[in-house]
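Reviewing the structure listed below.
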Amino acid sequence: MSRRKIAAGNWKMNKNYDDALQLIRDISATNPPKDIHTILAIPSIYLKNGVDMLMHIIGIDVAAQNCHQEESGAYTGEIAASMLASISVPYVVIGHSERREYFYENNAQLAKKVDTALANGLQVIFCCGESLEIRKSGDHVAYVSEQIREGLFHLSDEQWSNIVVAYEPIWAIGTGETASPEQAQEMHAALRSMIASEKSNDIADDLSILYGGSVKPSNAADIFSGSDVDGALVGGASLVADGFLEIMDALSKS
Ligand code: PEP
């Protein structure tokens with residue numbers, strides 16, 4: 001798949017059923033720009049509603065926020081990639097920093113999750129990003145590059161076409177502090193050039209790299225000004241239909 005502009009939302013563990021349905025209805029009632037690709041990572045329990053209402057009515061794709069690395073079995077409380085595929089969910093987010101931090105998911109386990117997701121026909125939004133400590137040490141590019149190498153470099157050229165990367169500096173997630181447009185562009189360009197030199201130019205050129213970390217209507221246009229910034233993964237601001245629409249519009253105009 002070639003490089004696309006993508007606005008992705010991540011509801012995380014927010015919204016009870018009635019509120020989730022209302023938000024899905026509110027988003028369905030907007031007129032999202034057609035020249036960008038939009039994805040909403042909603043809680044798994046609402047994915048079937050999302051497939052039926054968002055995908056079928058206005059063409060917004062849905063994503064699961066996680067899946068298990070094994071195909072099936074005795075993993076109480078977990079969700080298999082095949083289950084997502086069986087209800088036509090097209091995407092899964094893998095390696096969000098909250099999963100890495102609170103559920104101790106490491107690069108080796110994430111690489112397996114990527115494999116299982118791809119084997120079941122899902123497309124993967126693979127998250128990476130450094131802590132404030134690593135950013136301050138100046139090792140952020142090396143650290144994030146290693147997350148990409150360990151999580152994705154075993155994939156075939158064909159498999160890379162089903163990968164989207166989301167660079168999300170941990171210090172900017174949910175904090176209100178956004179990376180500057182220059183900081184976002186610097187990391188995106190560094191990752192693209194590392195992938196070009198260590199994998200191939202085609203993979204690097206075709207890869208959509210999203211920025212995530214306190215993106216909101218007021219800063220979206222600036223963030224999207226970077227030539228290697230292909231869109232955003234948006235947490236808090238995706239919980240309000242009008243705000244998310246403004247971000248989609250900013251991406252469409254970028
Ligand atoms: C996220 O959850 O991926 C995220 C970037 O959150 P926020 O936009 O709230 O910082």
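Assorted remarks:
- Label-to-label distance for residue 71 and residue 16 is 4.0 nm, based on points extended 7 Å past Cα in the beta-carbon direction.
- Sites residue 4 and residue 177, calculated FRET efficiency, Cβ-Cβ separation with R0 25 Å, nearest 0.05: 0.35
- Dipole magnitude (debye, nearest 20) for segment 144-219, charges at Cβ of Lys, Arg, Asp, Glu: 220 debye
- Approximate spin-label separation residue 48-residue 25, in nm, with each point projected 7 Å along Cα-to-Cβ: 2.0 nm
- Segment 86-144 versus segment 26-64: alpha-carbon centroid distance in Å: 22 Å
- Ranked by the mean number of other Cβ atoms within 10 Å of their residues, highest first, the peptides 183-190, 235-242 come out as 183-190, 235-242.
- Sorting 12-18, 1-7, 117-123, 198-204 by average packing, meaning the other beta carbons within 10 Å per residue, from highest down gives 117-123, 1-7, 198-204, 12-18.
- Most positive-pole-ward Cα, 215, 244, 234, against dipole of the chain from beta carbon charges: 244
- Applying a threshold of 18 Å to the alpha-carbon distances of 12/216; 15/113; 15/112 flags 15/113; 15/112 as lying beyond it.
- Once backbone amide H atoms are built at 1.01 Å from N, residue 93 has 64, 65, 66, 125 as its partners under 5 Å, excluding neighbours fewer than 5 places away on the same chain.
- Estimated dipole of the chain in Debye, rounded to 20 [Cβ of Lys and Arg +1, of Asp and Glu -1, Cα centre]: 340 debye
- Mean projected area in nm² (Cα convex hull; one quarter of hull surface) for segment 5-253: 12.3 nm²
- The charge dipole of segment 66-217, taken about the Cα centre with unit charges on the Cβ atoms of Lys, Arg (+1) and Asp, Glu (-1), comes to about 240 debye, rounded to the nearest 20.
- A DSSP coil position with no more than 16 other Cβ atoms inside 10 Å describes the following chymotrypsin sites (Phe, Trp or Tyr not before Pro) in segment 121-198: 153.
- Heavy atoms of residue 83: accessible area, 1.4 Å probe, square angstrom to 10: 100 Å²
- Summed over qualifying helices (DSSP H, 4 residues or more, each -39500 (n - 2.57)) and divided by its residue number, the chain shows a 222 nm mean residue ellipticity of -12000 deg cm²/dmol.
- Around residue 81: net Lys/Arg minus Asp/Glu count, Cβ-Cβ under 12 Å: -2
- Chain lengthening between residue 157 and residue 200 when straightened (0.36 nm per residue, less Cα-Cα): 14.6 nm
The values are calculated or read from the model by the stated rules, or taken from the named source; none is laboratory data. Fair warning: this is a prediction, and the values are worked out from it, not measured in the lab. In this analysis, Cβ positions are derived from the backbone assuming ideal geometry, glycine residues included, and neighbour counts consider all displayed protein chains. The protein model used for the area step is the full one, side chains on, heavy atoms only, and it has no ligands, DNA or RNA in it. Shrake-Rupley method; radii C 1.70, N 1.55, O 1.52, S 1.80 Å.
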